[in-house]
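Peer 1: If you scroll down you'll find the structure; I have some questions about it.
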Amino acid sequence: MGQTIAQKIISAHLVSGEMKPGQEIALRIDQTLTQDATGTMAYLEFEAIGIPRVKTKLSVAYIDHNTLQSGFENADDHLYIQTAAKKYGIRFSRPGNGICHQVHLERFGVPGMTLIGSDSHTPTCGGIGMLAMGAGGLDVAVAMGGGAYYITMPKMIKVELTGRLSPWVSAKDVSLELLRILSVKGGVGAVVEWGGEGVATLSVPERATITNMGTEVGATTSIFPSDEVTRAFLKAQGREKDYTPLQSDPDAEYDRVIHIDLSTLAPLLACPHSPDNVKPVTELAGTPIQQVCIGSCTNSSLRDMLRVAAILKGKTVCDGVSLSVSPGSRQVFSMLSDCGALSDMINAGARILECACGPCIGMGFSPNSGGVSLRTFNRNFEGRSGTRDASVYLVSPEVAAASALTGHITDPRTLGEYPSVTLPSAFAVCDSAILMPAPPEEAEQLTVRRGPNIHPVPVGAPLQDRITAQLTLKVGDNITTDHIMPAGAKILPYRSNIPYLSRFCFAVCDEQFAERAKAAGSSVIVGGVNYGQGSSREHAALVPMYLGVRAVVAKSFARIHAANLINAGILPLTFEDPDDYDRLAQGDELELRDVRQGLACGRILLHDKTRGTDIPLVAAFTKRQADILLAGGLLPYTKG
Ligand code: MIC
Ligand code: SF4
């Protein structure tokens, strides 16, 4: 039988397991990336594992998230990562060099290779045919040490593209259309492969926008074929040698095929507070706005920026709107400057920000209270912008620029002729902000610099056979890691200080949670479907572990978060009967009995002492996962 693109890459990297959907497989990882918000913890974990130098083909440490530096903490993290990178054999992309996914696509991604990154939007490199997946920091640390990466063998979803995008409609609208079809959980357990004749009409940056936002449907990853468009992109980056063609076989089989005719798409937007709350722009046209933010790893390529500049050229941003533009990389920034497009944006009134995540992760540029903000980003979860009562809409760069000019949500097709933009045949390549590691003989002498905010990695205790705990929090469906462990300028500096960070755990849902969990000593959280969607941040597991959370019982879990919980030694359990969710209430005293035996047979009984009821839970773990849980997490398990 023929193979899909992902199946080809998986079979070439398979270390163990059977390629049957639902089975656990282990993959050899060629490349890793980290960013600074998850990177400090990942390198602390790498150090805790105790391997002197990375064993991957390439590992890169990026600084792109915590660049505000409103205290010493971020700068100390940067120095820690820089010195660790130099010592352990990792390239270091300096602050200001760009957003990890954009830079990795430009400078390092290779079709056919595997990449894991401690950031959920790592699938961006699927735009050039790489099997690129987001993972928790500890999984990345293990892969840097030469260990395999374990995933559940995914199902295959194919999106068959026909036609060509109409003027003013762009790749973001394709992503939003998929979110409309699949919702934020429709891709869980699957790889989304993009194919069909429409693929050839999309440039690599457009493909990367689409694979980037595939994270929002919950997919393991998303991938495009590697074709002549890919070759041209790599050639323009001076990396044609990295090109290999990659297509699915004509007789490859898919679990589901979705058809999208590009020519029928119209500009779309995602309404507050979820990326799948998708509507046509025409439905909301005229809504007054106060802020527009253009950038993020979804829409910050040269293609997007040139398009925005062309729309703004010779015009002025509306009085009532504050417009920010953050180019995705230094390469994009300098090319915008060289061709004059940067001046077009500046003269129109745009506020140019650093090449970094910035407003996307609440690092500055929070909207006004009750404000309406249009963002070309990938997530509009409640509170993520830093303003609790803001309404954030996700839009394409075209909709963003058009609306910045008018002051209200605007269908860009009303602007007239679509400015044409051609990508250069050669990008201005300059890797001066990417530092090389020290050679092994020098590396041994180097010391890693640890600032006072950098605390040791918390390590879990071996699993108890009988867990007595209080149900300290009951939440609903689609709880994001931004709910569990919020980010933003005030909290992000403490990613390497778990005791301090723990004060903010679940603060978006319930400000008392952290205190309550601490007082209870041992607790269980109950959630609905798709618990833990969104970011790959392992802090959403490490912090609950620190607060004494022993198990999360939910209707279903998002992939990376479930893995992070196991890695932290917390049991992710699902209801055998989802209706049992209604039989539990916050404050109930619970008991999980015969946990060891339950792990072996796949079923654990939850006894509610307050109500005198028993609730059966699914504990479907592989032998490896059960052993990790028994050891108290991946770190004690790996160290033996
Ligand atoms: C995000 O977009 O939420 C982040 C910040 O990039 C996260 C990583 C993190 O929390 O540090 C992600 O997507 O994984
Ligand atoms: Fe950065 Fe936002 Fe992309 Fe996350 S989604 S990597 S915060 S730009």
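Peer 1: I need a count of the residues in region 140-167 that are touching a helix residue (DSSP H, G or I) at 6+ places or on another chain (Cβ under 7 Å), open to solvent by 10 Å² or more (accessible area, probe 1.4 Å) and farther than 21 Å from residue 566 by Cβ.
Peer 2: Residues meeting the conditions: 5.
Peer 1: Does residue 91 satisfy the criteria of being touching a Pro at 6+ places or on another chain (Cβ under 8 Å) and open to solvent by 10 Å² or more (accessible area, probe 1.4 Å)?
Peer 2: Here the answer is yes, as residue 91 does meet what is asked.
Peer 1: How many residues, within region 249-265, are open to solvent by 30 Å² or more (accessible area, probe 1.4 Å) and within 26 Å of the chain's Cα centre (by Cα)?
Peer 2: Number of matching residues: 5.
Peer 1: Having 1 or more residues that are surrounded by 24 or more Cβ atoms within 10 Å (Cβ to Cβ), at pLDDT 95 or above and within 16 Å of ligand 2 (Cβ to nearest atom) is the bar; report the helices (runs of 4 or more DSSP H) wholly within region 472-578 that clear it.
Peer 2: 481-484, 539-546, 559-567
Peer 1: May I pose another question? Among the residues of region 113-127, is there at least one that is more than 15 Å from ligand 2 (Cβ to nearest atom) and open to solvent by 10 Å² or more (accessible area, probe 1.4 Å)?
Peer 2: yes
Peer 1: Which pairs do you get when a residue that is over 17 Å from residue 447 (Cα atoms) and without any contact (Cβ under 8 Å) to a residue 60 or more places away in the chain, found in region 44-57, comes within reach of a residue that is open to solvent by 40 Å² or more (accessible area, probe 1.4 Å) and part of a loop (DSSP other than H, G, I, E, B), reach meaning Cβ atoms under 8 angstrom, with the pair 6+ apart or on two chains?
Peer 2: Going by the 8 Å Cβ cut-off, the qualifying pairs are 57/113.
Peer 1: Give region 324-365 a look and list any residue that's open to solvent by 10 Å² or more (accessible area, probe 1.4 Å), among the hydroxyl-bearing types (Ser, Thr, Tyr) and in contact (Cβ under 8 Å) with a residue 60 or more places away in the chain, or say none.
Peer 2: 334
Peer 1: A follow-up question, please. Say whether the condition of being away from ligand 1 (no atom under 16 Å from the Cβ) and more than 14 Å from residue 323 (Cα to Cα) is met by at least one residue in region 363-377.
Peer 2: Yes: one or more hits.
Peer 1: Which of the residues belonging to region 585-624 are open to solvent by less than 40 Å² (accessible area, probe 1.4 Å) and either part of a helix (DSSP H, G or I) or among the charged types (D, E, K, R) (or both)?
Peer 2: Hits for region 585-624 are 588, 591, 595, 598, 599, 608.
Peer 1: List pairs: first in region 510-524 and closer than 10 Å to residue 470 by Cα, second open to solvent by 40 Å² or more (accessible area, probe 1.4 Å) and modelled with pLDDT of 95 or more, Cβ under 6 Å, 6+ apart or cross-chain?
Peer 2: These pairs meet every condition: 520/470; 522/550; 523/470.
Peer 1: Restricting to region 382-391, count the residues that are within 15 Å of ligand 2 (Cβ to nearest atom) and either within 18 Å of residue 418 (Cα to Cα) or open to solvent by 10 Å² or more (accessible area, probe 1.4 Å) (or both).
Peer 2: Total meeting the criteria: 3.
Peer 1: Going by what's in this entry, would residue 207 be described as within 24 Å of residue 328 (Cβ to Cβ), away from ligand 2 (no atom under 16 Å from the Cβ), in contact with a Phe, Trp or Tyr (Cβ under 7 Å, 6 or more places away or on another chain) and free of Cβ contacts under 8 Å to residues at least 24 places away in the same chain?
Peer 2: So residue 207 does not fit the description; no.
Peer 1: In addition: Given 19, 1, which one is modelled with pLDDT under 95, open to solvent by 40 Å² or more (accessible area, probe 1.4 Å) and farther than 27 Å from residue 489 by Cα?
Peer 2: When all the criteria are applied, what remains is 1.
Peer 1: Considering each of 165, 161 in turn, give the residue that is in a strand (DSSP E or B), within 22 Å of residue 259 (Cβ to Cβ) and either more than 16 Å from ligand 2 (Cβ to nearest atom) or among the aromatic types (Phe, Trp, Tyr) (or both).
Peer 2: Step by step, each of 165, 161 is checked, and only 161 is in a strand (DSSP E or B), within 22 Å of residue 259 (Cβ to Cβ) and either more than 16 Å from ligand 2 (Cβ to nearest atom) or among the aromatic types (Phe, Trp, Tyr) (or both).
Peer 1: What number goes with the only condition from (1) away from ligand 1 (no atom under 16 Å from the Cβ); (2) in contact with a Lys or Arg (Cβ under 6 Å, 6 or more places away or on another chain) that residue 98 does not pass?
Peer 2: (1)
The values are calculated or read from the model by the stated rules, or taken from the named source; none is laboratory data. Keep in mind that this is a model prediction, so the values were computed, not measured. In this analysis, Cβ positions are derived from the backbone assuming ideal geometry, glycine residues included, and neighbour counts consider all displayed protein chains. The accessibility values were calculated without ligands, DNA or RNA, using every heavy atom of the protein model including side chains. Shrake-Rupley method; radii C 1.70, N 1.55, O 1.52, S 1.80 Å.
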